Amino acid sequence: MRIIGLTGGIGSGKSTVEAILARRGAVVIDADRVAREVVEPGKEAYRRIVEHFGTAVVGEGGELDRAAIARVVFADRDELRFLNSVTHPAVGEAILERLGELSRTRPDAVVFLSVPLLVETGGAERYGTEAVVVVDVPPELAVQRLVESRGMTREDAKARVAAQAPRADRLRAADHVIDNSGNLSALEREVDRVLAALGAL
Ligand code: ADP
């Protein structure tokens, strides 16, 4: 099994690239999705979060109210630290578990592990990725796409892009760069170029 890291700033096009990779036959593990799964009702992380923050962070259907949690942790660093201390290890363990299972059931698979902060958090060593692929766009284009297709306000999009690690840091850690400054067919070609360079699929 091959494990390749995929990362990029918000609005760079990671989700779009993941969809293309899945169509090419790769297995994609998306850390954001895993992060939502580990806090589903019944999971250990869910139990600890509700125990700590109380029922004010539980929605009507019993699921966590992400907006309510966000309000609490954005106003209080200690609360954010607590939340991260519960969720980050849970996400890491869930990813390692899934990789272990895939290595048994799909030894021939090419797995792309999509982690927003792969470079920043040293995740590449932890998960044993053989290469890091960075999806790259100029920050202004990320802002424009977040506004146009995700309905964010310009201020919100700018703040979120600015809050991320500098583009240059990510690019320095990249073994391969997928340039997503063109249209969607150009992006498909970029993905295929990088797959060929990796000798994958
Ligand atoms: P990320 O997952 O990195 O935050 P997305 O894949 O969600 O980024 O892309 C951000 C937005 O930009 C999405 O709405 C997506 O549909 C759009 N998008 C991505 N790549 C392109 C492109 N090459 N051309 C036009 N829109 C794009």
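The numbers here are math on the coordinates, done by the rules we state, and not lab data. Remember, predicted model here, so these are calculated numbers, not experimental data. Quick reminder, even Gly has a Cβ in these numbers, built from the backbone with ideal geometry, and neighbours come from all protein chains shown.
Some points to look at:
- Across the stretch 1-91, C-alpha contacts under 8 Å between residues 6 or more apart give a mean separation that, scaled by the residue count, equals a relative contact order of 22 percent.
- Between 0 and 90°, nearest 10: helix 44-53 axis offset from the chain longest Cα axis: 50 degrees
- Modelled spin labels at R189 and E51, positioned 7 Å past Cα toward Cβ, are 5.5 nm from each other.
- Label point of R24 set 7 angstrom out along Cα-Cβ; within the stretch 108-123, amide nitrogens under 20 Å from it belong to 108-116, 118-119.
- Computed about its Cα centre, the charge dipole of the chain is approximately 240 debye, with only Lys, Arg, Asp and Glu carrying charge at their Cβ.
- Relative contact order %, the stretch 103-201, counting alpha carbon pairs below 8 Å whose residues are six or more apart: 31 percent
- Compared with the dominant Cα axis of the chain, that is its longest principal axis, helix 14-23 is turned about 60°.
- Nearest-ten-degree value, helix 77-105 long axis tilted from longest Cα axis of the chain: 50 degrees
- Summary value for the chain: 36 percent relative contact order, contacts being C-alpha pairs under 8 angstrom separated by 6+ residues.
- A Cβ-based charge dipole, computed about the Cα centre of the stretch 8-52 with Lys and Arg at +1 and Asp and Glu at -1, lands at about 140 debye.
- For the stretch 52-92 and the stretch 1-50, distance of Cα centres in Å: 19 Å
- For the stretch 103-169, the gyration tensor built on C-alpha atoms gives a prolate shape. Its axis ratio a/c (a ≥ b ≥ c) is at least 1.5, and a/b is the larger of a/b and b/c.
- Shape call, the chain: gyration tensor on alpha carbons, a/c limit 1.5: oblate
- For the pair L201 and R71, the difference between a 0.36 nm per residue extended length and the Cα-Cα distance amounts to 42.5 nm.
- Using the Cβ-Cβ distance between E130 and R172 with R0 set to 25 Å, the FRET efficiency from 1/(1 + (r/R0)^6) comes to roughly 0.90.
- The stretch 2-198 - share of DSSP beta bridges that are antiparallel (%, nearest 5): 5 percent
- Dividing the summed helix terms, -39500 (n - 2.57) for each DSSP H run of n ≥ 4, by the number of residues in the chain produces a 222 nm estimate of -17000 deg cm²/dmol to the nearest 500.
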